[in-house]
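> Before I ask anything, here is the structure I am working with.
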Amino acid sequence: MSFSLAIVGRPNVGKSTLFNRLVGRRLALVDDQPGVTRDLREGEARLGDLRFTVVDTAGLENETDESLPARMRRLTERAVDEADICLFMIDARAGILPDDRVFAEILRKRAGHVILAANKAEGSAADAGVYEAYELGLGEPLRLSAEHGEGLNELYSALLPLS
Ligand code: GDP
Ligand code: MG
């Protein structure tokens, strides 16, 4: 059986980098609900022998305001409600920021299966951030480097029992 995975988290943590790595060129067309088409990207992912639908959340990525834009929050809630599994991504180099806690709260309230992923985890500069991620109360963080393709075996192992 196939499943859908939503990649959520605050801007700049590496969601689209992981999406692109999982999807490659197999970008699917998204439904054209006005206003959101460009903010939820859906693709056909491959990871080992797993085939699934992956959804990338974006929206106001360049917003400089301190607080999480309401649109980003609404978009995330929609993605979370529609997905079977959520991959909640944090930036291990930046550590846990207030906006990460906002996302963690959304996920605790709404999501079924959550995989917590500490991205940008290549090298020891990420160790403190990975450790901090335990504070979010969403289980053990999976060390990931979307850019360097590290941690994908572990992601596979996390997804396999849920597939
Ligand atoms: P998004 O806003 O969450 O979709 O983040 P992006 O995928 O656009 O990535 C934001 C920035 O982080 C880009 O400059 C990426 O190259 C960088 N990035 C993504 N993944 C990694 C990673 O694993 N390690 C490092 N060091 N940088 C990364
Ligand atoms: Mg993005």
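> Can you pull out the residues in region 9-28 that are aliphatic (A, V, I, L, M) and modelled with pLDDT under 90? Steps first, answer last, please.
Here is the first cut: in region 9-28, the ones aliphatic (A, V, I, L, M) are 13, 18, 22-23, 27-28.
Within region 9-28, L27, A28 qualify.
> Among the residues of region 109-142 satisfying the criterion of being free of Cβ contacts under 8 Å to residues at least 40 places away in the same chain and assigned to a loop (DSSP other than H, G, I, E, B), which is farthest from L47 (Cα to Cα)?
By that ranking, first place goes to G137.
> Quick check, is V102 open to solvent by 10 Å² or more (accessible area, probe 1.4 Å), at pLDDT 95 or above and either closer than 17 Å to D56 by Cα or away from ligand 1 (no atom under 11 Å from the Cβ) (or both)?
Details: open to solvent by 10 Å² or more (accessible area, probe 1.4 Å): yes; at pLDDT 95 or above: no; either closer than 17 Å to D56 by Cα or away from ligand 1 (no atom under 11 Å from the Cβ) (or both): yes.
So V102 does not fit the description; no.
Quick grid of which residues meet (1) loosely packed, with under 14 Cβ neighbours inside 10 Å; (2) at positive phi; (3) at pLDDT 75 or above:
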site	(1), (2), (3)
V30	no, no, no
A45	no, no, yes
D49	yes, no, yes
T57	no, no, yes
T64	yes, no, no
S67	yes, no, no
R73	no, no, yes
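> Hey, among A92, A121, which residue is under 22 Å from G24 (Cα atoms), at pLDDT 95 or above and hydrophobic (A, V, I, L, M, F, W, C)?
None of the other options fit; the residue is A121.
> Here's something else I'd like to know. Looking at region 143-159 only, could you name the residues that are in contact (Cβ under 8 Å) with a residue 24 or more places away in the chain and open to solvent by less than 80 Å² (accessible area, probe 1.4 Å)?
Result: L144, S145, A146, G149, G151, L152, L155, Y156, A158, L159.
The values are calculated or read from the model by the stated rules, or taken from the named source; none is laboratory data. None of the values given here were measured: they were computed from a predicted structure. Virtual Cβ from ideal backbone geometry, glycine too; neighbours counted across all protein chains shown. Heavy atoms of the whole protein, side chains included, go into the accessibility calculation; ligands, DNA and RNA do not. Shrake-Rupley method; radii C 1.70, N 1.55, O 1.52, S 1.80 Å.
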